[in-house]
1. Per residue, what volume in Å³ does the convex hull of the Cα atoms of the stretch 65-133 enclose?
2. For the pair residue 28 and residue 2, what calculated FRET efficiency results from E = 1/(1 + (r/R0)^6), where r is the Cβ-Cβ distance and R0 = 30 Å, to the nearest 0.05?
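Taken together, the values in this text are just the output of simple stated rules run on the coordinates, not laboratory data. All figures in this text were calculated on a predicted structure; none of them were measured in a lab. Virtual Cβ from ideal backbone geometry, glycine too; neighbours counted across all protein chains shown.
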C-alpha cells in the first residue's frame, strides 16, 4: 500500500512539473502572439513602394488608424484593462482600473512603439495615439 502511495505522489509531482512547463509555454506563446500582432499592424500601416518609382508625397502615406487597429496592438489581457475612445486627431486610451507598474510599462511601451504618448493629468491621465500614421 505504501508503495502505491509513493507512486501516486511521484505522479502528482511529475504533473506539477509538467504544469509549470506548460505555463511557461503559454506565456511564451502570448509574447509571440503580441509580437505578431504588432508586426501585422505595423505592416498594415507602412505602405510598400516599388524601388523603381519616385517616392510619393507625404500625403500618400497618411492613413487614418481606427480603434480596432490600435486594439490589435495589445494582448487581450491588457486590452481588457483599457477603454478606447476616438477623438478628432487621436485615439485616447484610458485605464478602466489601476494598472500597476508592470502593466503600465507594457502599455506605455506599446503606445510609444506606435507613435503615441502618455498624458499625465491626474485623474484625467491617458495615453493617446495619433490617428494619422
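1. About 80 Å³ per residue, rounded to a whole number.
2. Once rounded, the FRET efficiency stands at 0.15.
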